[in-house]
Structure formats: structure tokens, C-alpha cells
Amino acid sequence: MTVPTDLSRTDVIEAALARLDLDAKTRLLAGQDLWSLPALPEIGLASLVMSDGPVGVRGSGWTPDDPSLTLPSPTALAASWDPELARLAGRVLAQEAHRKGVHVLLAPTINLHRSPLGGRHFEAYSEDPLLTARIGTGYVTGVQESGVAATLKHFVANDAETERFTVDNHVDERTLRELYLAPFEEIIAAASPWLIMSAYNAVNGSTMTEHRALQAGVLRGEWGYDGVVVSDWLAARDTVRAIDGGLDVAMPGPHTVFGPALATAVRAGKVAEETVDAAVRRVLLLAARLGLLAGAAPAVPAPLRPSAVSGAACAREIATRSFVLLRNDPQVLPLNPTRLGGPRSLNPAGIGGIALIGHAARHARILGGGSATVFPRSVVSPLDGLRAALPEGTPLTWVRGADLSDGLSPASDGFTLRAVLRDASGVVRGEQPLPDGRIRWMAETLPGGADFDAVDSVELVGTFVPRADGPHEFGTRGLGTFRLTIGDATVYDGVHRPADADPLAAITGPPVARGAVDLVAGEPVEVSLLASDPKMTYGSLRGVTFGLAHREPIGQDDELIEEAVAAALAADTAIVVVATTETVESEGFDRGSLRLPGRQDELVSRVAAANPRTVVVVNAGAPVEMPWRDDVAAILLTWFPGEQGGAALADVLLGRAEPSGRLPTTWPGRLDEVPVHRVTPQDGVLRYDEEGFIGYRAWQRHDSKPAYPFGFGLGYTGWEHEHIELDEARTVRVRLRNTGRRHGRTVVQLYVAPADRATADCPPRPERWLAGFTSASADPGQTAQVEIPLPERAFQVWDTTAGSWRTVPGRYIVHAAHDAATPTLATELHITG
Ligand code: BGC
């Protein structure tokens, strides 16, 4: 097959456009349902299917029936500091997309970590625009070289969730360019993503789907972007302002501001037909690139086919490479299996082996919540992983340690539930088992093919076998009229529809406590949650989404903690897995604190006091406070590690692999020390008053120090930077030596600092900033040499008066560094303007 030149592809697109009438053209710019654009057989155009991202490909359903490979969280991918690994992630996800008939992956999320409280922090890469851009470039390249489209989201400054549909983020122009737009700009230049998703929020007074200056001006005009701009789901609000503001496709459909509403606006003379044509051309180009437009050869003639890359191996590799070792003192890691199997030296009363402690050690938290949710086929928990990897006979005990949550969790442990759909006359129209007590059905995918219009009520019904005596708390999730009964007790009978709820609260909102019932351990009880008006309709969205939540009796933690202390005392090594939950890190709301939920901090402190060889595994997508961090032997940060997390954890704990991740975001000690953390708008406005000073750029000029700096991470060996030099072409060469006793891998980071801070005629800049990085590996005692080019942009600022980038002349120090706070070697260069 010959690949057409741009001209012949253009010809095909123009010929197709010419054959479409206004109604067909406007139809193509609106979703036909939740996830797809319509086929137009008259021009040989097939339907185009989109799906979330970014850790898997969920597909058109939102149910465990359609499982996906589940990779580690984006924070984890960024912690690898390895664009090639991100590219591998992109390739394996494209494979998944092909398998599921998906053409467009709604990922990656490249908003910045402005505040650690951001609810979707786990879903973005970093606080640094350069690291974000490099990881994003790898990911997009991997997806698109495999014949699937990637979508950069969310354009732009969608860095928190509070009032996300309406918040107006006030960001000055220089900060926008140098920070928040920068990853979009670099990835577009380096990897040409075929779609950009326009965000919910407004920037400087205009909602993003209507932001002419940024979408038509910067994105298309200045950057020459030729791809499609698709709205975030429900973000398009006004037909004329959106199409004139540069939006191409309004999602989801079919009832949205494009489609028939757009045709009417054209006929009324409110929108020029050429504007519609330009958007249709871009959608046709996307379809051509994907091979969905007859006569136009796809951008990738022979895309990667399923099973070319092993998904499980890839998930395990990314997890392993992402883990960040924050502490190993005294050096307990890697664990020594021989010692674990033998008698315990530190406590003659002990039996040796490992005490594995924590709810998440058994029920692994592998991904963050919200639209990033996918359903893994199977999960390797830390307990599974260790059990499989430890030599036979090594004592390994698991205890829960503490309740994971301050509040309600999905009704899974001890529950056997199913959903029953009935019509108005009580006839059952469909049934489905619900492993986590949660219903997330869209109108098209009701169980048993039940007709959405015919469904009148949905009952979530089954049994619960309590694990503990005492008052068990129950709650509901979702909006509607509910009756909740536990045994004979009616716990709730009422309507839940708060006026100020996020429009997607039915899907993403947290559960609400409804009341407690005294239960006896081991005695099954009947459970029923009846939703009598279960159907949600919002704009185009039609579905049924609600669920049951539960909390164990409070006070049980005392016993659990004592049990954990006893297990730790009796073991050679205690491994405590602490975690956040879906009610902490998810879409639709921000975090109120950085504390670990429940009594996990107390658990760690008590275990560490009982056993000096305590390793804490932090299973969280974003920073958490670790008040016990100086009291434990080791801290290993595993992010949300994806479906193979437990296998990767065993690899790293037992030293089969090195934890070679580095922090992609500064890790604070306490929230009240974080220089930039506010996420709550005032009167609808969130001011980015700190300008470009977020993350390490802010900590540099701040009184307190973070717990661990940006870029930090230990390994199982040591490294010394021995020599740095810089050539005429501004390529930096660093020679480094592995000073430890095993093969290792590290990341060489380069930071640029102006030699004279107060350069005349230059706006304030950080003390130093990341200008390049690369990985290196070497055997013990051996050296490695790396080359890192310094980009011109590292020496530029956005000149608001001229409206362009300006190189700032002067002397600069280039530091090689282990992390943002630990420079090693330096060299100098002189930049001329
Ligand atoms: C999210 C997007 C996502 C979309 C579709 C929105 O709520 O912000 O990231 O792609 O839903 O699920």
C-alpha cells in the first residue's frame, strides 16, 4: 500500500467535505453517544470511538465486564524519568485500544502539580513543565506510532477540582506560557498529538471551550496545531461561542451544543459555514490518520497488533522502575531471604520472617478514581507478590493493622450483592452481580440489554457477613431517592440531590453516611438499597450510577493495631503498606488534607516502635504526610502501581530489581509548609498569584524545606558525579561512577541557574530550574558517560510586551545534580542575546 502524500490526503478530505450537507457536517462535530462520532457512509467514513485513559483503555462500557490492562498511575510513569518507558506504555495501551475497537485514547493528562491537594494529582505527571513534556512526548509517540490517536488534556490550567466546571483561573500571561502551556507546546512540536481536550475551567474570564485567544490564537495560529480540539465531557455550553472559540467536537452526544443546534445557528446567520467546514476538515483529517476515511491511507500503515508487547510484563516493568526509595537507614533493603527464613536475631522470642501489615497489602489500591478508572482483569497484591517470590518456608503473616478509611468505603469485603432492574410493573428487566456495591451504567450498557426507558427502579440487594461486632455504618453514593434497609432496620429513606453538586457527582462524588446498625460478627444480614428514580440525565449523559458504602465499627482499630504490633514483634522485618482511598484521591473533588486516612500514622509509629526493621510502603498517587518518616528503617513509595504492583514490589523488596524512580514532584513534610496549596476559588476565581513559582521553584525561596526534594530517590547502589563539560553546541557531558556493590541505574539531572540573579531587564526567575535529564546505568566501580543537550528555551522568558520568547543573555551555571536540592558539579556558559 502506498502512503498518500499530504496533497492526496487533502484531496480525499476536500472531496468528502464537498459531498456533505450542513446537517451531516454538524452531526459529525457532536458525539452520537457517550464515546463516539457518527459514521457517514455516504463519504466512506466509519464511526470513531474514544475512551479514557490514561492507565488503561476502559472501552465504551464502565463495568468490570470489560477489563483492561491497568498500568501504574501517571505520577509513577513520570517517576521513571524515562520517556522511552512512557513510549512503551503508549504502545501497550494502543494494543489495548486495537483490541477494544477504540481509535482515540483520551490521555495523557499533562496539567501540572500546582498543589498537592489537587484531586487528580495522581493523574498528572509532575510539577515541572519539562519533565511533563518529555514523559508526555514519549507516551503520545508510543500511542500514535501504533496507529491510535492520543489526546493532550486538559487545555489548560485544569490543575484542581473544586468548582471545576465554573472556576475562573486567573493566570498571568508569562506564567501561562512558561509553565502551564509549555508542556502542550513542546509535546505538540515533538509528537503531534492528533487531539487536544479543552478543559472545564475558565482562564482569565473565558471558559476554555470558548477561549478564542488560546485555542484559535495560540494553539492553531502560533503553534500551527492541525489536530482536533474536543471538549471535555459536558464542557461545551454555547453553540456560537464554542465553534467561534475554536472547539471542533462537543462531547458527549447526542444532545449537545453542536449537531442540530449548530446547523440552526448557521442557518440563522450566527455562525459562518466556513467555520464549520474548518472543524469538519480537522475531524476528517483525524479519521484519515486513523484509517477511518475511505480512500485515505492511515498515518500508520501497519499498526501494532495485539500481543506484540506483553501487557503484564510492561505493567510490572513500569511499576518497578517507578518506585522511589526515600529512606533505607539502617539498610534493611533489599531484604535478605536467608535471614528471613532463619531465627530472628533481634528478638529471641520471635519466629522470624515477615509481618506484612495493612489493608492495602491484601486489597491493593492500584489506581486512582474518577474517569481514570479502568477494571483490571486480575491484580497482584503485595501479599500475592511476596508469597510467590519468597523462598518456600519463609514465614509470612498478614494482618490488617488499621481501617484504611476515615469514612465509608465501597461495599465489597463481606458483601455479596447484585443489582436488580425492574420496570414500573415490577417485572425484572435485568440483573448483574456487583463485586464492589457500585453501579456505573450508561444508558447504552444496561445489564441484560434492559431498555433504559423501561427501567423504573434498581435495587442493590444481597447479604453482608460482618467481620466484627458493633455498629456498622452504611452510606449511599449517587443522587436520587433511596431506601436503605439492613436486616429489619430502615437506615435511610429520602432524597439526595444537593443543589450545588458537581454535574458529574453521581459518578464521581463521595459517599454520604446514612446511619449505623449493630451487627454480630459472622451473622449474615440482608441488605437492600432501592433507588426508585435511579436514572440520571445531565445534558447528554443518561445512566444509572449509585452505590452502597460501608464502614467497619469504629474502635476496632485498637484491636487491629495491637494485633499488628504483636505480629511486628514476632517477625524479623515488618512491612507496613499504607494507602489512600478513592474518597481521598479521585476526580470531582480536591483533598482537604495530606494526612493518611484512618489511623494509619499511629499504626506505623506503633509498629516501628515494636520492630526497628520496619519498612513502610506508601501506596498513594500523590504526596501524603509521613510524620513517622525519621522513625522507620525504610520508606518505599510505590504510587498507584497498577495490576502488577505486588509482583513489582516483591522484585524490589527482595532485590531482584532496583527501585530506580525519582520524585516527579516535591514531597512536603506538612501541608501547612507547602508554599502553594490553595485550590478553593473565592467568588468563583482561583488566582495563580504565585506566578511561575510552584513546586521546587517555590520551595527554593521558602523558609521551610520539604521532606524530600523534587528529583530525589535512592537506589541500591551509590553514585558519584566525577566530571562535567559543555561543548559549543551546548551539549553537557557528565561522567559518573557507580560507587556501590551492585549494578544500578540513576537519573542525571541538569539545572540551570543565572550566575547573576538580578539580571538587568529580566523578570524574576527561580534560583535554578530543570533544563535536561537522562538515565544512566553501570556495573559496580564502573563509569558511565551521559550527554544532555540544553534547549534554547532553558534560557528564555516570555516577553509580555513583545508577545514572544526572549533569550536572556548573561552567565549561567549549569549544575549536574542528584535532585533539585543536591547539585554535584557545575560548569558555566555565557549566553548572548
Ligand atoms: C474528565 C476527562 C475524561 C472525560 C471522559 C471528564 O470528566 O475530566 O478527563 O476524559 O470525563 O470520561
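Just one residue in the set Val491, Val512, Val525 is away from the ligand (no atom under 16 Å from the Cβ), open to solvent by 30 Å² or more (accessible area, probe 1.4 Å) and touching a Gly at 6+ places or on another chain (Cβ under 8 Å); that residue is Val512. Taking the stated definitions as given, is Ala698 among the aliphatic types (A, V, I, L, M), open to solvent by less than 40 Å² (accessible area, probe 1.4 Å) and over 33 Å from the mean Cα position of the chain (by Cα)? Here the answer is no, as Ala698 does not meet what is asked.
Of the residues Gly539, Gly462, Gly547, the single one that is in contact (Cβ under 8 Å) with a residue 40 or more places away in the chain, away from the ligand (no atom under 16 Å from the Cβ) and under 29 Å from Trp233 (Cα atoms) is Gly547. The sole residue among Leu247, Leu286 that is open to solvent by less than 20 Å² (accessible area, probe 1.4 Å) and out of contact with any Gly (no Cβ under 8 Å at 6 or more places or on another chain) is Leu247. Annotation: of all residues in the stretch 426-437 being open to solvent by 20 Å² or more (accessible area, probe 1.4 Å) and in contact (Cβ under 8 Å) with a residue 12 or more places away in the chain, the one that is nearest to the chain's Cα centre (by Cα) is Asp436.
Each row is one residue, and each column tells you yes or no for (1) in a loop (DSSP other than H, G, I, E, B); (2) within 31 Å of the chain's Cα centre (by Cα); (3) basic (Lys, Arg).
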site: Arg220; (1), (2), (3): no, yes, yes
site: Gly224; (1), (2), (3): yes, yes, no
site: Val229; (1), (2), (3): no, yes, no
site: Ala236; (1), (2), (3): yes, yes, no
site: Val283; (1), (2), (3): no, yes, no
site: Pro298; (1), (2), (3): yes, yes, no
site: Ala302; (1), (2), (3): yes, yes, no
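Return a yes/no flag: does the stretch 441-453 have any residue that is aromatic (Phe, Trp, Tyr), open to solvent by less than 20 Å² (accessible area, probe 1.4 Å) and either at pLDDT 90 or above or touching a Lys or Arg at 6+ places or on another chain (Cβ under 8 Å) (or both). Yes, the stretch 441-453 contains a residue that is aromatic (Phe, Trp, Tyr), open to solvent by less than 20 Å² (accessible area, probe 1.4 Å) and either at pLDDT 90 or above or touching a Lys or Arg at 6+ places or on another chain (Cβ under 8 Å) (or both). Based on this model, can you work out whether Gly744 counts as at pLDDT 95 or above, within 24 Å of Glu127 (Cβ to Cβ), crowded, with 18+ Cβ neighbours inside 10 Å and not aromatic (Phe, Trp, Tyr)? No. Among the residues of the stretch 806-820, those that are open to solvent by less than 10 Å² (accessible area, probe 1.4 Å), of a type outside the set (D, E, K, R) and more than 18 Å from Pro763 (Cβ to Cβ) comprise Val814, Ala816, Ala817. Count of the stretch 119-144 residues, restricted to those that are over 19 Å from Thr638 (Cα atoms) and not in a helix (DSSP H, G or I), is 1. Within the stretch 97-113, the set of residues being within 16 Å of the ligand (Cβ to nearest atom), farther than 30 Å from Pro675 by Cα and not in a loop (DSSP other than H, G, I, E, B) comprises Ala97, Lys100, Val104, Leu105.
When Ala160 is tested against (1) more than 15 Å from the ligand (Cβ to nearest atom); (2) among the aliphatic types (A, V, I, L, M); (3) open to solvent by 10 Å² or more (accessible area, probe 1.4 Å), exactly one condition is not met: (1).
Given the condition under 22 Å from Met50 (Cβ atoms), open to solvent by less than 10 Å² (accessible area, probe 1.4 Å) and within 16 Å of the ligand (Cβ to nearest atom), answer yes or no: does some residue in the stretch 114-121 qualify? Looking through the stretch 114-121, none of the residues is under 22 Å from Met50 (Cβ atoms), open to solvent by less than 10 Å² (accessible area, probe 1.4 Å) and within 16 Å of the ligand (Cβ to nearest atom).
When the stretch 713-741 is limited to residues that are out of contact with any Gly (no Cβ under 6 Å at 6 or more places or on another chain) and over 29 Å from Gly810 (Cα atoms), the one that is least open to solvent (accessible area, probe 1.4 Å) turns out to be Tyr716.
The values are calculated or read from the model by the stated rules, or taken from the named source; none is laboratory data. Values in this document were obtained by computation on a predicted structure and should not be read as measured data. Here Cβ is always computed from backbone atoms with ideal geometry, including for glycine, and neighbour counts include all displayed protein chains. Surface accessibility is based on the protein's heavy atoms, side chains included, excluding ligands, DNA and RNA. Shrake-Rupley method; radii C 1.70, N 1.55, O 1.52, S 1.80 Å.
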